[in-house]
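Computed from the coordinates by the stated procedures, all read-outs in this text should not be read as laboratory data. As the structure is a computational prediction, the values presented were derived from the model and not from experiment. When we count neighbours, we look across all protein chains shown, and the Cβ atoms used for this are built from the backbone with ideal geometry, even at glycine.
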Amino acid sequence: MTIERARELARMYFDEALNRGNLAVVDEILDPAFTLHVPPSLGEGPQVTGPDGFKQLVTALRAAFADLHFTVHDTTAADNVVMVSWTMAGTHQAEWQGIAATGRRVSLTGVDVFTLADGKILEERIHGDYLGFLRQLGAIA
């Protein structure tokens, strides 16, 4: 896979799927065996698996933060790995992860590490300031 294609997958992930809510693109960019490793601070339970699991996550995230927007700062790609630094911002307008809507504008910075296979995203690991995010929501002090 070319570095250009790897970067295009990351762009489509953030711009199309997350920012625009274009779920049709998900099957094009995610491998059927896709796994998203959710940070432990976001709760225990199963990881997000497969394109359908990711679509459910995007739908829930966009419902909770209707003005959700991810800004991509940098993308680095080599071999079968893409790293993307980003900032997420949105207003908490509906329940998210058991936290009732607060009306608060929140932001989160992080880095995603994508592993690619056969021209698609096979695995994603998210690293971000989730404790700060939960503080902004008022879920922890």
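Antiparallel versus total DSSP beta bridges in the chain: what percent is that, nearest 5? Taking every DSSP beta bridge within the chain, about 90 percent pair in antiparallel fashion.
A simple spin-label model places the labels of residue 107 and residue 2 3.5 nm from each other, with each point 7 Å out along Cα-to-Cβ. Size descriptors for the chain (Cα atoms only): Rg and Dmax, in that order, 14.6, 45 Å. Each other residue within a Cβ distance under 11 Å of residue 37 adds +1 if Lys or Arg and -1 if Asp or Glu, for a net charge of -2. The slack between residue 47 and residue 63, meaning 0.36 nm per residue of separation minus the straight C-alpha distance, is 3.8 nm. Using C-alpha pairs under 8 Å with a sequence gap of at least 6, the mean separation divided by the residue count of the chain gives a relative contact order of 25 percent.
Short to long, the 5 Å bins of the Cα pair-distance histogram for region 80-128 hold 5, 18, 18, 16, 16, 13, 9, 5, 0 percent of all pairs.
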